[in-house]
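The values are calculated or read from the model by the stated rules, or taken from the named source; none is laboratory data. As the structure is a computational prediction, the values presented were derived from the model and not from experiment. Don't worry about glycine lacking a Cβ; one is built from the backbone with ideal geometry, like all the others, and counts go over all protein chains shown. Remember, those area values only see protein heavy atoms, side chains included, never the ligands or the DNA or RNA. Shrake-Rupley method; radii C 1.70, N 1.55, O 1.52, S 1.80 Å.
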Amino acid sequence: MRVLPARRIASSALCATLLLGIAGPAAGAAGRDSARGRTHAAAPVPGADALLAQVQSLANISGVLAPVTDLLNAALKADGGQLPAADATKLAQAVKDAIAKATATLPAVPAAPSVPTLPSTPALPAVPSLKNTDERGDTEERGDVEGRARAEERGNAGQQDDKAPRAKGSRAAANLAGDALAALQKAVDTLVKAVTSGDATQVVPAATAVVTGLVNLVVAIVLGGGLPAPNLPGLPALPSLPSASLPSLPAT
């Protein structure tokens with residue numbers, strides 16, 4: 001084996017040293033820049049929280065839509081609408097997990113405000129009988145007093161009843177998506193029973209109920225999930241959900 005001259009070995013070592021001296025600081029600077037970039041990217045932009053909530057609402061739709069449509073496709077394409085019990089159980093569990101995950105991400109429903117109890121109308125004092133007073137006039141006066149008292153009682157009852165629909169309407173709007181998810185789960189349970197019952201006539205009605213439940217969920221999230229209004233030309237304006245400002249009930 002031929003031995004390399006000492007001068008060539010020294011030259012090779014010098015070149016390697018120079019290369020390391022140049023590449024080392026550059027690599028370190030690149031690593032620091034990358035770290036700074038990662039640290040800066042971790043800070044969300046202003047207004048991101050509201051948009052993230054909207055993104056989560058849309059994710060709830062897609063997360064539930066896929067497993068439910070998988071179950072529907074399998075049921076409607078199966079021979080006689082019947083699935084093996086193992087397949088039906090697997091598809092149903094995927095739907096159940098997706099609904100549970102979507103339910104867990106829903107905002108908490110505010111508690112219903114307590115309606116204060118209004119004081120009851122005090123009992124009417126007895127009208128003293130006056131001597132030498134016309135009996136008919138005394139009866140009319142007593143009737144007027146009693147009539148006014150009954151009107152006040154009806155008014156107080158109407159005020160209490162007026163508060164209840166407002167609180168109920170507010171809770172219904174806030175929990176609409178949760179109600180839709182619960183109803184969809186019941187419809188899916190019915191479909192799973194139909195596709196394992198041996199009766200093909202049960203499948204189409206049960207599948208129709210599941211499709212309706214999906215539509216209810218999508219509409220509930222679109223209208224009550226705080227999403228921006230659509231702006232595509234030609235689309236009709238979306239209706240608004242009932243709010244707490246419901247009209248007052250007339251006192252009877």
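Per-residue HN-Hα couplings for the stretch 227-233, Karplus 6.51 cos²θ - 1.76 cosθ + 1.60 at θ = phi - 60°, whole Hz, x for Gly and Pro?
These are the phi-based 3J(HN,Hα) values: 7, x, 5, x, 10, 6, x Hz.
Read phi for every residue in the stretch 87-93 and hand back ³J(HN,Hα) as whole Hz from Karplus 6.51 cos²θ - 1.76 cosθ + 1.60, θ = phi - 60°, with x for Gly and Pro.
Running phi through 6.51 cos²θ - 1.76 cosθ + 1.60 with θ = phi - 60° gives 5, 4, 5, 5, 5, 5, 5 Hz.
List, in order, the whole-Hz ³J(HN,Hα) value for each residue of the stretch 205-218 obtained from phi through the Karplus relation with A = 6.51, B = -1.76, C = 1.60 and θ = phi - 60°; use x for Gly and Pro.
x, 5, 5, 4, 5, 5, 4, 4, x, 5, 4, 4, 5, 4
Can you pull the accessible area of L106 for me, 1.4 Å probe, Å² to the nearest 10?
50 Å²
How many nm separate the modelled label positions at K77 and L58, each set 7 Å beyond the Cα in the direction of the Cβ?
2.8 nm
If packing is taken as the average count of other Cβ atoms within 10 Å, what order do 175-183, 193-201 fall into, highest mean first?
On the way: 175-183: 18.9, 193-201: 16.0.
Highest to lowest by the protection proxy: 175-183, 193-201.
Using heavy-atom solvent-accessible surface (probe 1.4 Å) with all chains present, what is the largest-first order of D70, D49?
Values: D70 85, D49 120 Å².
Ranked from most to least accessible, the order is D49, D70.
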